[in-house]
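Asker: Just passing along the structure, written as structure tokens.
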Amino acid sequence: MEASGRLERTYAMIKPDAVGAGNAERIMQQIEVNGFTIVQQAKLQLTREMAEEFYAEHAGKPFFEGLVTFMSSGPVVALVLAKVNAIREWRTLAGPTNSNRAREEAPESVRALYGTDGQRNAVHGSDSPSSAQREIRFFFPNLVLDPVPDSASATEYIQKNLQPILTKALTALAKEKPSSDPNEAIVWLAHWLQKNNPNAPQVVS
């Protein structure tokens, strides 16, 4: 992970060959072990029309008809992944497009482990930010794609908005010592935060 990298979302798809072989769960475990967060997932079967629309950029190419037939031949698992440099990192983890080449050049990649050839290669991954946005919207049209905050922004938000009130709450909890039971302490803390919420609306009697 590069310090200068930004947290991104990307689109990943587990193709019919890998789903049909029962490898979808293994692939998702490999994704998570490699530091990705699965933000959204859905299992579905593409109609031929959906496959043609999704791969429209390849229309007219010799492999297009075979690709559409393959992608509509069985269920797929659509995924939205998040990680620093997610687009590049997912394509690296997926491996070279041709599974045989992947086994030679990246033997631990997803395609090396679960793919068969250049088409039945287990997974798909967006190749650019614009492609990721388009492909995510294709499968998850209701997903809000707000910019993902980077770690520095998240840290700044926590320090500015949460740390002061949490420090006061924990200090009060330490003084009060409501119970040795952790659950009761959590309930006490929740009530304190609710009562002392600086953003709570003021009720005028």
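Asker: Would you be able to tell me the number of residues in region 27-56 that are among the charged types (D, E, K, R) and in contact (Cβ under 8 Å) with a residue 24 or more places away in the chain? Even if it seems obvious, please write down each step before you answer.
Answerer: First pass over region 27-56, keeping only residues among the charged types (D, E, K, R): 32, 43, 48-49, 52-53.
Going one step further and asking which of them are in contact (Cβ under 8 Å) with a residue 24 or more places away in the chain, we end up with 43, 48, 53.
The number of residues fulfilling the criteria is 3.
Asker: Just to check your reading of the model, which residue among Glu53, Glu57, Glu32, Glu49 is under 24 Å from Arg137 (Cβ atoms) and at pLDDT below 95?
Answerer: Numbers: Glu53 fails: at pLDDT below 95; Glu32 fails: at pLDDT below 95; Glu49 fails: at pLDDT below 95.
So the residue among Glu53, Glu57, Glu32, Glu49 that is under 24 Å from Arg137 (Cβ atoms) and at pLDDT below 95 is Glu57.
Asker: Starting from region 184-195, keep only residues that are in contact (Cβ under 8 Å) with a residue 24 or more places away in the chain, then list their pairs with residues that are assigned to a helix (DSSP H, G or I) whose Cβ atoms are within a distance under 9 Å, requiring at least 6 positions of separation or different chains.
Answerer: From residues that are in contact (Cβ under 8 Å) with a residue 24 or more places away in the chain, the pairs are Leu193/Ile165; Leu193/Leu166; Leu193/Ala169.
Asker: Only one of (1) polar (S, T, N, Q); (2) modelled with pLDDT under 85; (3) not in a helix (DSSP H, G or I) is not met by Asn142, so which one is it?
Answerer: In the conditions (1) polar (S, T, N, Q); (2) modelled with pLDDT under 85; (3) not in a helix (DSSP H, G or I), Asn142 misses (2) alone.
Asker: Looking at (1) more than 19 Å from the chain's Cα centre (by Cα); (2) of a type in the set (A, V, I, L, M, F, W, C); (3) closer than 18 Å to Gln133 by Cβ; (4) surrounded by 16 or more Cβ atoms within 10 Å (Cβ to Cβ), which is the one condition that is false for Val39?
Answerer: (1)
Asker: Among the candidates Ala56, Ala51, which residue alone is surrounded by fewer than 16 Cβ atoms within 10 Å (Cβ to Cβ) and under 17 Å from Glu135 (Cβ atoms)?
Answerer: On the way: Ala51 fails: surrounded by fewer than 16 Cβ atoms within 10 Å (Cβ to Cβ).
It is Ala56.
Asker: Looking at region 15-25, is at least one residue surrounded by fewer than 13 Cβ atoms within 10 Å (Cβ to Cβ) and assigned by TED's automatic domain parsing to the domain that holds Asn142?
Answerer: As a first pass, look at region 15-25 and keep what is surrounded by fewer than 13 Cβ atoms within 10 Å (Cβ to Cβ): 22, 25.
With assigned by TED's automatic domain parsing to the domain that holds Asn142 added as a condition, the list becomes 22, 25.
Yes: region 15-25 contains one or more residues that are surrounded by fewer than 13 Cβ atoms within 10 Å (Cβ to Cβ) and assigned by TED's automatic domain parsing to the domain that holds Asn142.
The values are calculated or read from the model by the stated rules, or taken from the named source; none is laboratory data. The model shown is predicted, which means the values in this text are computed figures rather than measured ones. Virtual Cβ from ideal backbone geometry, glycine too; neighbours counted across all protein chains shown.
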